[in-house]
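Colleague: Have a look at the structure that comes next, please.
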Amino acid sequence: MSRLEQNLRAVRARIDAAARAAGRAPSSVALLAVSKTWPADDVRALTALGQVDFGENRAQELLDKAAALGDLALRWHFVGQLQRNKAAAVARLGAAVHSVDRRSLADVLDRAARDGDRALPVFVQVDLSGQTGRGGAAPEDVPALADAIAERGGLDLRGLMAVAPLGEPARPAFERLAAVAARVRADHPGAVELSAGMSGDLEEAIAVGATVVRVGTALFGDRPLPSGQDQRSPATRVTPVTGAPEAPGDMTN
Ligand SMILES: Cc1ncc(COP(=O)(O)O)c(C=O)c1O
């Protein structure tokens, strides 16, 4: 069995166990494979193992991989901070955008999506850290942003997305997210998705109702350190495609 297959099975087993522990059906939690920095061949290999949903956090990398893998029936998701100049291209690709955190971005996506034949799936990203600059709308601003998105014919409001803040336990942060999600769902019953949980905290996210977990490291291996030092353990090592510097949880574009 390949390393990727072992990792995929292990992640799926973690998801299934966490769902059962929360009294939920394992099928109620989708796995989004975050393939940033990993080569298109790894994405291709995972699709051969049945994985369908893939996420990227840099627009150009998403566009390049989508072009290289155009023969595959996979679903792309964008999970990073999205600049307006790249937003139209991402929308035209039909990738679900998990990181809508302002009306101006919703407007650009809406305009681009209206040219297509179906509404673009979008998530409102919620900032759980209380610090500006890492992406996400402040929790108190989320309901109004959700209302604005729901009014736009080119967009399909799927739900909320968040990253657990650094330096505090994930569970209480995800509970705050679930409370905002319940508020949004009261006005928008179709906004049923909660995109939360990564390699290190997917159990905590599933416990509060995550329907999509975004997993990179536990599937593909550790990404390279900025310094070029190799932090990867032999157990998870797979060949990365770039040495692009980034911090853990970095969502820049
Ligand atoms: C928004 C987002 N979600 C999920 C992930 C995947 O995180 P991990 O590699 O810890 O599973 C990343 C990675 O950078 C990310 O930026």
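Computed from the coordinates by the stated procedures, all read-outs in this text should not be read as laboratory data. These figures come from a predicted structure and were not determined experimentally. Because the Cβ atoms are built from the backbone with ideal geometry, glycine has one as well, and the counts that use them run over all protein chains shown.
Colleague: Just to be sure I understand: with springs between alpha-carbon atoms less than 10 Å apart, which residue in ALA21, ALA150, ALA106 has the highest mean-square fluctuation in the Gaussian network model of the chain?
Modeller: ALA21
Colleague: Where does each of MET1, MET198 land when they are ranked from fewest to most other beta-carbon atoms within 10 angstrom?
Modeller: By the 10 Å Cβ count, ascending: MET1, MET198.
Colleague: Could you tell me the ratio Rg/Rh of the chain? Both radii from Cα atoms, Rh via Kirkwood.
Modeller: 0.94
Colleague: Once Rh for the range 1-89 is found with the Kirkwood sum over Cα pairs, what is the Stokes-Einstein diffusion coefficient at 10 °C and 1.306 mPa s, in µm²/s?
Modeller: Answer from the Stokes-Einstein relation: 111 µm²/s.
Colleague: Here's a follow-up. Got the relative contact order for the range 3-220 handy, in percent, Cα pairs under 8 Å and 6 or more residues apart?
Modeller: Relative CO of the range 3-220 lands at 20 percent.
Colleague: Please work out how much length the chain gains when fully extended from ARG171 to ALA88, using 0.36 nm per residue of separation minus the C-alpha to C-alpha distance, in nm with one decimal.
Modeller: Values: separation 83, 0.36 × 83 = 29.88 nm, distance 3.47 nm.
Extending this stretch completely gives an extra 26.4 nm.
Colleague: Shifting gears a bit: Grab the other residues whose beta carbon is less than 10 angstrom from that of PRO26, score K and R as +1, D and E as -1, and report the net.
Modeller: +2
Colleague: Once R0 is set to 45 Å, what does the formula 1/(1 + (r/R0)^6) return for the Cβ-Cβ distance between ALA144 and ALA21, expressed as a FRET efficiency to the nearest 0.05?
Modeller: It comes to 0.80.
Colleague: Relative contact order, percent, of the range 30-112 when contacts are C-alpha pairs under 8 Å separated by at least 6 residues?
Modeller: 25
Colleague: Can you tell me the relative contact order of the range 72-131? Whole percent, Cα pairs under 8 Å, sequence separation 6 or more. Working shown, then result.
Modeller: Working: 75 pairs, mean separation 20.9, N = 60.
Relative contact order for the range 72-131 comes out at 35 percent.
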